[in-house]
Every structure is written in structure tokens, then in C-alpha cells.
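The values are calculated or read from the model by the stated rules, or taken from the named source; none is laboratory data. Values in this document were obtained by computation on a predicted structure and should not be read as measured data. Virtual Cβ from ideal backbone geometry, glycine too; neighbours counted across all protein chains shown.
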Amino acid sequence: MVLTSVKEQIWALVHAERAALIEDLAPLDDVRWDEPSLCAGWTVHDVAGHLVSNALATPVGFVLGLVRSRFDFERDNARGVERGRGGTPQETLDRLRAVLPRTSAPPVALDSRLVEEIVHGEDIRRPLGIRRSYPEEAVIRAIRLQARTPASFGGGKDLLTQVRLTATDADISIGTGPETKGPALDLLLTLTGR
């Protein structure tokens, strides 16, 4: 199938990341699901629940969730984990499988779906010692979005007024100030506060 639009290309990348994470999570025992993730206070299981909730997000649901949480993003995220996380790792894995093909999103840039899948994928994989080679296009799209997003919304726009980040494995260099070099994935994680 030929993908005809940027939107279709982005969703194809998102779906590939969801499938890859499901494959990485499937062989884990329950103990590994309870290990801490890179998200402060969240286990691997919690992050997986967050990704389920995220995949179910719609523009109206997103706004209603924020209103119910009194515009507290942390509270809204915690409620999302509760909604998305199953009672067991297997149940959460089944939920991840069920949302894999979804193409709904909150009213934000579509590239934010790549940020969610890649960054939270690393929040899960790194503590577990699992490595993934991400498509360069997906990582660059995520970096470019984070470069435009203020820190108050989880982005790195403010950081990039103080430092220039240059990828050693991709054609991207952003920001002003002293140069820091590294793999594109590490630059993305830096831009998200990891």
C-alpha cells in the first residue's frame, strides 16, 4: 500500500512503535512489569497503562479529562493510567494490542503521538535493558516537535535557547549556544527532560 499523506505516514510509524513495544513486553514476567520506569513514580505497568489511555484519547475526551482534573496535567495523567492499566500485566498487554490500530488523538500536533510512543517506549525499555533501533524519520519528527514545545508542556524549546543539540547519527542540529552532540534518540530524551 502506498501511503499518500503525511498523516498516514505518521500513523504508520506510530502503529509500528506500538507493535514493537507489545513484542518487547509480551515475554516479560509480572515482576518485570512492576519495575520502576524512567517516569518518576511509575512502574513499567503504569507507563503501559498510560500508553493505552493515550491511544484512546480523542479531542473531546482530552478536554473533558483536563476539566475534570482542574487543568492539572499530572492529575489527568494519573487518571489516565488508572483507566488504561489492566488488573494484570496480561490484561494491560491485551489492551495495548486492542488499541494498536487506533488513529485518535488529542487536539495537539500529530507528531506528539510519536513523542509518546518513542519516549515512553524508552521509559519502559531502558530500565529493563531492552534496546530498540527507531526509524530515523520518527525520531527526527519527534525532536522537531519537542524543539517547538515549551517546558511547561513537556518540551525542550526553553532548553534550546541555551544549548545547540547535534545528532551524531542523523541530519539534525537545533538550538543556540554551546554544542552538545549525541545520538538522535538521546537528544529526544534530553528534550523531554529524561
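A few comments on the model shown:
- Residue among Asn54, Asn77 that alone is among the polar types (S, T, N, Q), surrounded by 14 or more Cβ atoms within 10 Å (Cβ to Cβ) and under 22 Å from Ala19 (Cβ atoms): Asn54
- In the stretch 178-194, the residues that are surrounded by fewer than 20 Cβ atoms within 10 Å (Cβ to Cβ) and either modelled with pLDDT under 95 or hydroxyl-bearing (Ser, Thr, Tyr) (or both): Thr180, Thr190, Gly193, Arg194
- Filter result for Arg144 (at pLDDT below 95, within 21 Å of His120 (Cα to Cα) and not in a strand (DSSP E or B)): no
- The residue of the stretch 30-60 that is nearest to Pro107 (Cα to Cα), among those that are without any contact (Cβ under 8 Å) to a residue 12 or more places away in the chain and either among the acidic types (Asp, Glu) or out of contact with any strand residue (DSSP E or B) (no Cβ under 8 Å at 6 or more places or on another chain) (or both), is Val60.
- The sole residue among Asp24, Asp29, Asp46 that is exposed (fewer than 14 other Cβ atoms within 10 Å of the Cβ) and not hydroxyl-bearing (Ser, Thr, Tyr) is Asp29.
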